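Each reported figure results from applying straightforward, stated rules to the coordinates on display, with no laboratory input. In this text the structure is predicted, and so the values were computed from the model without any measurement. Methodologically, a virtual Cβ is constructed for each residue, glycine included, from the backbone with ideal geometry; neighbour enumeration extends over all protein chains shown.
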Amino acid sequence: MDPELEAFLPFLPQLDLNDPVAARKEFAERAAAAPAPDTSNMEVTDRTVPADPDVAVRIYRPHRAQGAVVWLHGGGGVFGDLDTEHPWAARIAALSGAVLISVGYRLAPENPFPAALDDAYAVLTWAAEHTDELGIDPARIAVGGHSAGANLTAAVALRARDERGPAIRFQLLNQPGLDDRQETWSARNFTDTPWFNRDRIAAVWRHYLGSRPATPYAAPARAADLSGLPPAYIATAEFCPNRDEGIAYALRLLQAGVPVELHQWPGTFHGSQALLSAEISQRQNAELGAALRRALAE
């Protein structure tokens, strides 16, 4: 493991994902204690997207922004919200130079699949229908996210293709959780990795799926056909149970004729890019922003 990251291991939170309410509370408290991001070079606006039910979003508009990204936070589909995501959404907006629409989607287990996907897709559709109001080019809309948000990103891309929905220029999947079956080598062997391990991932899938069987929109690794999807940037962490399913999805996209940039970060673990003092975390975050900037350039 990267020695800078290893030094933080004793201080990582031990969230009990069998108790989602308590996990949300602890995560929110930790996020609130983090340094506030610098938003002096952008406008930040909260608003509501009309849907059934309505979806709260937070829009970050850097000066001279180009393109837009519908951004989906992590948290296993169980915790996280617009406030906990604020430091990361602001950074991605600044690094990418894009209008970033952070989505406050509904959480499981109270709202299992497909609630979060419906919310994410509703925001994508709204953004595509309000490009003049948002001041964005309809041909330059990306979707991106981390972990469970990357799962939703892949699912939104599949659904938009299948339903002939809004055109998506690019999909960014950072450490995606794509496969409920948990049969890859990393999923079977990383049972005690930092932050996320096999037991926690099993818990979030249980909450997210509820009583429903997994479909390709819930677990995109199950999709039989990946052709016709937007170009992708996929990043994986070495010591992450999701690692191999992310790499396998990247290979399947390539085999389906989809352009893919795949970055496997050695010495890292799931979510370790949040440890901003580590040099490798700084490079990871810079790469996420740079990938979006390249994809959305004119």
message: Using the Cα centre of segment 206-287 as the reference point, and only Cβ charges (+1 on K/R, -1 on D/E), how large is the resulting charge dipole? Debye, rounded to the nearest 20.
response: 340 debye
field: Given charges at beta-carbon only (K, R positive; D, E negative), |dipole| of segment 1-82 in Debye
entry: 360 debye
task: For the chain, give the share of DSSP beta bridges that are antiparallel, in percent and rounded to the nearest 5; count only bridges with both residues there.
output: 35 percent
- prompt: Peptides 70-82, 112-124: what's the order by average Cβ count within 10 Å, highest mean first?
  reply: 70-82, 112-124
- request: Label segment 180-296 by shape, choosing from rounded, prolate and oblate, from the square roots a ≥ b ≥ c of the eigenvalues of the Cα gyration tensor; if a/c is under 1.5 it is rounded, and otherwise prolate applies when a/b is larger than b/c, oblate when it is not.
  value: oblate
- line: Given unit charges at Cβ for Lys, Arg (+) and Asp, Glu (-), the dipole magnitude of the chain about its Cα centre in debye, nearest 20, is 460 debye
message: So if I take the centroid of the Cα atoms in segment 21-48 and the same for segment 200-266, what is the distance between those two points in Å?
response: 27 Å
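If each DSSP helix of 4+ residues adds -39,500 (n - 2.57) and the sum is divided by the residues in the chain, what number results at 222 nm, nearest 500 deg cm²/dmol?
Only helices count here, giving -12000 deg cm²/dmol.
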statement: With the charge dipole of the chain built from beta-carbon charges (+1 for Lys and Arg, -1 for Asp and Glu) about the Cα centre, the Cα from 209, 108, 45 projecting farthest to the positive end belongs to 209
Ranked packing of 128-138, 202-212, 239-249, 169-179, most packed first, by mean Cβ within 10 Å: 169-179, 239-249, 202-212, 128-138
query: Taking the Cα centre of segment 3-296 as the origin and placing charges on Cβ (Lys, Arg +1; Asp, Glu -1), which of 117, 196, 170 is farthest toward the positive end of the dipole?
result: 170
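Relative contact order for the chain: what percent, with Cα pairs under 8 Å and sequence separation of 6 or more?
About 19 percent, as a whole number.
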message: For the pair residue 34/residue 46, report the inter-label distance in nm, with labels modelled 7 Å from Cα in the Cβ direction.
response: 1.8 nm
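Report the local net charge at residue 179: Lys and Arg +1, Asp and Glu -1, summed over other residues whose C-beta lies under 13 Å from its C-beta.
Spelling it out: positives minus negatives among the neighbours equals +2.
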- line: Whole-Hz Karplus couplings 3J(HN,Hα) for segment 40-45, θ = phi - 60° and coefficients 6.51, -1.76, 1.60, Gly and Pro as x, run 5, 9, 8, 9, 10, 9
